[in-house]
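Visitor: Quick one: the structure is below, and I'll ask about it shortly.
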Amino acid sequence: MLELQNVTHIYPNGTRALDDVTLSIPKGMYGLLGPNGAGKSTLMRTVATLQTPSSGSITFGDLDILQEAEELRKRLGYLPQDFGVYPRVSAYDMLDHMAVLKGVGSSKERKETVETLLEQVNLWDVRKKAIAGFSGGMRQRFGIAQALIGNPDLIIVDEPTAGLDPEERNRFLNLLAEIGENVVVILSTHIVEDVADLCPRMAVIVEGSIKLEGAPKDLIDKSRGTIWGKTIPRGELEAHREKYEVISTRLFAGNTIVHIMSDKDPGDDFKPADGGLEDVYFSTLASTRRSAPAAAAA
Ligand SMILES: Nc1ncnc2c1ncn2[C@@H]1O[C@H](COP(=O)(O)OP(=O)(O)OP(=O)(O)O)[C@@H](O)[C@H]1O
């Protein structure tokens, strides 16, 4: 179990990127969902011990990771948002090199590790090709392979599916789900479906603080009766925005489907919407804007 207690991070320029974050993250896939700039990468880098928070504590099991960063790193697999390692070196050689760096000393053990990982992420057939020539999805799968060297029991992947086509995204997420059964995997993303499809638990982070936490299914159940939808001609959207708390809009066959937030039946031809986790997420973002309009606009 990974536990964050009152973690705050303020960058030297005064940006409060994390604001009193308290979270318990159990084994399995955990989704950290939030818009750009919400603080996801700051949180991921902090847990990965690449930066120290301004205040707060973080433990992984019995390990105080802020005091024992080296110990944590031995147990950590990390795929950063900007994994910029795309050299003209083959996937095999690069992975072998990274295994050396991670302390897999004996060449026999390394061979086993590298070969198993290449099979696992489905890059065996292209193991002799340069990573520089890989597609986005292949690079991300390579990124996961390097993160898995040394059997980590805490795996952090920061926005891994951005830019992948649907097939590659699917393949990547399935791979993560297989890995995620026995270890803690934190998946940071701004893509709602990544979380909805895969994560038994999740949190929504906005402006550095946790706005929502729980099992996606429970969060969806809780939101029932508060989200309403209808299809309107495009030209009526502005009038609806003025009258209702519109949380999302989508064009459909020349019309617009609007979803609004309302604690009671708004009438006006609205029907209860069943937009799943996306509605939960958008209504959380809308509530944040409503409670702090100045900060959200900044
Ligand atoms: N080194 C830094 N110095 C100052 N401010 C920073 C620094 N890194 C991030 N920030 C700011 O901290 C806030 C959180 O950024 P962070 O990158 O953690 O968010 P994010 O949710 O990962 O967003 P994205 O998806 O765009 O990467 C943003 O306002 C960002 O501009």
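The values are calculated or read from the model by the stated rules, or taken from the named source; none is laboratory data. Just so you know, these numbers come straight off a predicted model, no measurement behind them. Every residue, glycine as well, gets a Cβ built from its backbone with ideal geometry; the counts of neighbours run over all protein chains shown.
Okay, residues lined up against (1) among the small types (Gly, Ala, Ser); (2) touching a Pro at 6+ places or on another chain (Cβ under 7 Å); (3) closer than 24 Å to Leu33 by Cα; (4) part of a loop (DSSP other than H, G, I, E, B):
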site	(1), (2), (3), (4)
Ile220	no, no, yes, no
Thr231	no, no, no, no
Glu242	no, no, no, no
Thr249	no, no, yes, no
Lys264	no, no, no, yes
Leu277	no, yes, yes, no
Ser283	yes, no, yes, no
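Visitor: Let me ask something additional. Given Gln5, Gln67, which one is touching a strand residue (DSSP E or B) at 6+ places or on another chain (Cβ under 6 Å) and either away from the ligand (no atom under 15 Å from the Cβ) or β-branched (Val, Ile, Thr) (or both)?
Guide: After applying the criteria, what remains is Gln5.
Visitor: Please tell me if Asp82 is at pLDDT below 95, on the phi < 0 side of the Ramachandran plot, charged (D, E, K, R) and within 16 Å of the ligand (Cβ to nearest atom).
Guide: On the way: at pLDDT below 95: yes; on the phi < 0 side of the Ramachandran plot: yes; charged (D, E, K, R): yes; within 16 Å of the ligand (Cβ to nearest atom): yes.
Yes, satisfied.
Visitor: Checking Ser24 against (1) within 12 Å of Ile210 (Cβ to Cβ); (2) within 12 Å of the ligand (Cβ to nearest atom); (3) of a type in the set (Gly, Ala, Ser); (4) out of contact with any Ser or Thr (no Cβ under 9 Å at 6 or more places or on another chain), which test does it fail?
Guide: (2)
Visitor: For the structure I just gave you, tell me whether Lys40 is charged (D, E, K, R), within 13 Å of the ligand (Cβ to nearest atom) and in contact (Cβ under 8 Å) with a residue 40 or more places away in the chain.
Guide: Considered against the rule, which asks whether it is charged (D, E, K, R), within 13 Å of the ligand (Cβ to nearest atom) and in contact (Cβ under 8 Å) with a residue 40 or more places away in the chain, Lys40 comes out as yes.
Visitor: Can you pull out the residues in segment 246-258 that are within 24 Å of Lys217 (Cβ to Cβ) and touching a helix residue (DSSP H, G or I) at 6+ places or on another chain (Cβ under 6 Å)?
Guide: Those that are within 24 Å of Lys217 (Cβ to Cβ) and touching a helix residue (DSSP H, G or I) at 6+ places or on another chain (Cβ under 6 Å): Ile247, Ser248.
Visitor: Specify which of the listed residues (Arg127, Arg110, Arg141) is in contact with a helix residue (DSSP H, G or I) (Cβ under 8 Å, 6 or more places away or on another chain) and surrounded by 21 or more Cβ atoms within 10 Å (Cβ to Cβ). Walk me through it before giving the result.
Guide: Details: Arg127 fails: surrounded by 21 or more Cβ atoms within 10 Å (Cβ to Cβ); Arg110 fails: surrounded by 21 or more Cβ atoms within 10 Å (Cβ to Cβ).
Step by step, each of Arg127, Arg110, Arg141 is checked, and only Arg141 is in contact with a helix residue (DSSP H, G or I) (Cβ under 8 Å, 6 or more places away or on another chain) and surrounded by 21 or more Cβ atoms within 10 Å (Cβ to Cβ).
Visitor: When Ile156 is evaluated against the numbered criteria (1) crowded, with 16+ Cβ neighbours inside 10 Å; (2) free of Cβ contacts under 8 Å to residues at least 40 places away in the same chain; (3) within 29 Å of Leu63 (Cα to Cα), which criterion, by number, is the only one it fails?
Guide: (2)
Visitor: Now for a different question. For segment 191-220, how many residues are in contact with a Cys (Cβ under 7 Å, 6 or more places away or on another chain) and of a type in the set (Val, Ile, Thr)? If you could, list the steps in order and put the result at the bottom.
Guide: In the first step, residues of segment 191-220 are kept if they are in contact with a Cys (Cβ under 7 Å, 6 or more places away or on another chain); the result is 216.
Within this subset, residues satisfying the condition of being of a type in the set (Val, Ile, Thr) are none.
Adding up the residues that qualify gives 0.
Visitor: Which one of these is assigned by TED's automatic domain parsing to the domain that holds Thr22 and in contact with a Gly (Cβ under 7 Å, 6 or more places away or on another chain): Ala196, Ala203, Ala273?
Guide: Selected residue: Ala196, the only one of Ala196, Ala203, Ala273 that is assigned by TED's automatic domain parsing to the domain that holds Thr22 and in contact with a Gly (Cβ under 7 Å, 6 or more places away or on another chain).
Visitor: Restricted to segment 184-207, and to residues that are more than 15 Å from the ligand (Cβ to nearest atom) and in a strand (DSSP E or B), which residue is nearest to Leu2 (Cα to Cα)? Break it down stepwise before answering.
Guide: First, pick out the residues of segment 184-207 that are more than 15 Å from the ligand (Cβ to nearest atom): 184-185, 193, 196-201.
Narrowing further to those that are in a strand (DSSP E or B): 184-185, 201.
Details: Val184: 8, Val185: 10, Arg201: 13 Å.
Here the residue is Val184.
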